[in-house]
1. For region B:12-30, what are the residues that are modelled with pLDDT under 80, within 19 Å of residue B:184 (Cβ to Cβ) and of a type in the set (A, V, I, L, M)?
2. Do the conditions hold for residue B:33, that is, is it more than 13 Å from chain A (Cβ to nearest Cβ), more than 35 Å from the chain's Cα centre (by Cα), over 30 Å from residue B:122 (Cα atoms) and modelled with pLDDT of 75 or more?
3. Restricted to region A:84-115, and to residues that are more than 10 Å from every other protein chain (Cβ to nearest Cβ) and farther than 15 Å from residue A:144 by Cα, which residue is surrounded by the most Cβ atoms within 10 Å (Cβ to Cβ)?
4. Being outside any helix (DSSP H, G or I), buried (at least 19 other Cβ atoms within 10 Å of the Cβ) and out of contact with any Phe, Trp or Tyr (no Cβ under 7 Å at 6 or more places or on another chain): is that true of residue B:217 here?
5. Is it true that residue A:33 is touching a Leu at 6+ places or on another chain (Cβ under 7 Å) and surrounded by 17 or more Cβ atoms within 10 Å (Cβ to Cβ)?
6. Here's a check for you: in region B:242-279, which residue that is outside any helix (DSSP H, G or I) and surrounded by 14 or more Cβ atoms within 10 Å (Cβ to Cβ) is nearest to the chain's Cα centre (by Cα)?
7. What number of residues within region A:48-77 are surrounded by fewer than 17 Cβ atoms within 10 Å (Cβ to Cβ) and either within 11 Å of chain B (Cβ to nearest Cβ) or polar (S, T, N, Q) (or both)?
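The values are calculated or read from the model by the stated rules, or taken from the named source; none is laboratory data. Keep in mind the model is a prediction, meaning the values are calculated, not measured. Positions of Cβ are generated from backbone atoms using ideal geometry, with glycine treated the same way; all protein chains shown enter the neighbour counts.
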Amino acid sequence: MIRLDNVSYSYAKGGGVSNVNLNIADDEYAFLIGPTGSGKTTLLRLVYMDLMPQVGKVVVDKFNSDKIKPRKIPYLRRKIGMVFQDYHLLNDRNLFENTALPLHVVGCDQEEIVDRVIESLEEVGLDGKEEHFPEELSGGEQQRACVARALVKDPDIILADEPTGNLDPVTSFELIKLLEEINREGTTILMASHNYNLIKGRGHRIIEIQNGSVRQS
Amino acid sequence: MDKMMFLLSEGMKNLWRHKLTAFTAIFSAFLTLAVAGSLIIVTQNTNKLIEYLRDKYKIEVFFKEGVKEERVVELVKEFKKINGVRSTTMITKADAEKIFESQFGENILDLVGYNPLPASCVVNVVRKRETKLNVNPIIKRIKSYPEVDEISYQGRLIIRIESYYQKFVKGMSIILILVLVISVFIISNTVRLTIYAKKELIQALQLIGATRLFVKAPFIIEGVFHGLIGALLASGLLIGGLEFSSNLIYSMAKIKVEYEPLILVGILLSISVVISYLGSSRAISRFLK
């Protein structure tokens with residue numbers, strides 16, 4: 001599903017990843033753990049091809065960073081749901097509109113949009129809050145809204161970049177359980193975190209990254 | 001279809017969400033199009049004026065004594081075929097005698113005992129021509145006939161009028177192009193403000209797999225709406241202004257300002273679509289680079 005072969009990427013001001021080899025199988029739930037600045041976000045950006053490797057290649061499903069044309073990258077991203085630490089919700093739209101956005105992008109009709117948004121919000125436990133705006137939701141609710149927006153397009157992969165970074169321990173734990181449920185339904189999940197205590201002992205692969213180099217567990 | 005509706009509604013909502021930038025963009029489109037519309041009306045009416053003046057251009061051709069009337073008829077027909085000639089009028093010796101009598105009140109035969117007035121022909125040039133009208137080739141061609149004795153025409157005046165007209169048309173075209181280019185930049189910069197305000201939306205759309213066209217479309221639609229509103233306001237101002245002032249202008253300068261309101265609105269709407277499309281497309285494309 002996700003393969004990185006000898007991938008390196010470095011920023012002009014330093015940092016990045018070097019010589020990363022990684023395989024994430026279909027339906028796998030893997031944690032990417034490492035301190036701040038270790039290269040977790042860079043690695044995720046390489047997977048959704050926001051950055052292109054300077055050396056090596058990234059293969060996600062049938063999309064290969066060596067061959068992909070820029071105009072095809074949106075089609076890769078339609079297969080990936082993304083969850084961020086700072087949510088990336090749009091404050092001028094309510095929860096329904098935020099969640100529906102990926103479906104407008106792929107051109108779903110209104111009836112299908114309503115069904116899928118409601119289903120997705122139910123799945124993350126936010127049903128009944130469709131009319132709420134992001135600022136009217138708690139941090140945990142906003143992060144679940146972010147998961148709902150990722151889920152609504154029925155992605156093959158979910159990439160989560162420090163999704164628990166702004167959440168208290170209880171809410172963080174609930175979010176991880178929610179992602180586990182989603183994974184059980186067949187979605188591959190790669191979640192970056194710097195909080196080892198949160199993820200240890202859950203039976204998932206932990207990929208350690210330090211100074212841009214990956215060490216697998 | 002649903003995607004199209006979504007993009008249209010996003011464009012419309014942007015208008016409402018960014019009232020200040022919308023106002024700025026509409027106002028700049030309005031000003032530009034009002035200036036462009038005025039230039040178009042002035043140019044159109046200058047065309048009418050040049051047509052009127054060309055109508056007055058007259059080339060009088062006098063034939064030599066002794067040229068038979070049948071030959072004069074043939075020559076007049078040949079002159080009509082020359083490029084740039086609109087019509088010809090033949091004046092026989094008998095016609096010239098009558099014209100003399102009507103102008104001076106006396107018969108030339110009574111005065112000098114014979115008719116010394118030559119047969120002649122009046123050559124009228126074309127009126128409708130966008131480019132400079134050069135009468136010299138016409139004169140040269142007519143002069144090449146041995147039967148022609150003398151040609152009388154307002155050579156320098158025609159050249160001067162035509163030259164001024166050409167300079168005027170060129171000047172107007174340059175000003176119009178400049179105004180339109182400036183408006184593209186103004187609209188582009190105004191839309192850029194909206195784009196910065198919607199940076200988060202653009203990033204979100206890119207992350208969820210929106211194509212460049214999908215990201216660009218609402219901004220372009222919004223820009224085109226600005227342009228259309230500006231064009232309608234400019235049309236209203238120009239038509240209202242002309243309706244109000246045309247009688248006044250006529251009473252003062254005896255000039256009837258002519259224009260077709262529907263054509264004017266059509267031209268301004270078309271220009272607005274083009275400039276606002278170029279302006280907004282430029283802004284969003286630069287942002288997405």
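1. Within region B:12-30, none qualify.
2. Here the answer is no, as residue B:33 does not meet what is asked.
3. Within region A:84-115, the match that is surrounded by the most Cβ atoms within 10 Å (Cβ to Cβ) is A:114.
4. Values: outside any helix (DSSP H, G or I): no; buried (at least 19 other Cβ atoms within 10 Å of the Cβ): yes; out of contact with any Phe, Trp or Tyr (no Cβ under 7 Å at 6 or more places or on another chain): yes.
Judged against the criteria, residue B:217 is not a match.
5. Values: touching a Leu at 6+ places or on another chain (Cβ under 7 Å): no; surrounded by 17 or more Cβ atoms within 10 Å (Cβ to Cβ): yes.
Against the criterion (touching a Leu at 6+ places or on another chain (Cβ under 7 Å) and surrounded by 17 or more Cβ atoms within 10 Å (Cβ to Cβ)), residue A:33 does not qualify.
6. In the first step, residues of region B:242-279 are kept if they are outside any helix (DSSP H, G or I); the result is B:254-260.
Next cut, surrounded by 14 or more Cβ atoms within 10 Å (Cβ to Cβ) only: B:257, B:259.
Details: B:257: 14, B:259: 11 Å.
Among those that are outside any helix (DSSP H, G or I) and surrounded by 14 or more Cβ atoms within 10 Å (Cβ to Cβ), it is B:259.
7. 7
The rows are residues; the columns are (1) out of contact with any Phe, Trp or Tyr (no Cβ under 7 Å at 6 or more places or on another chain); (2) touching a residue at least 24 places away in the same chain (Cβ under 8 Å); (3) of a type in the set (Ser, Thr, Tyr).
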position	(1), (2), (3)
B:20	yes, no, no
B:23	yes, no, no
B:26	yes, yes, no
B:59	no, yes, no
B:63	yes, yes, no
B:85	no, yes, no
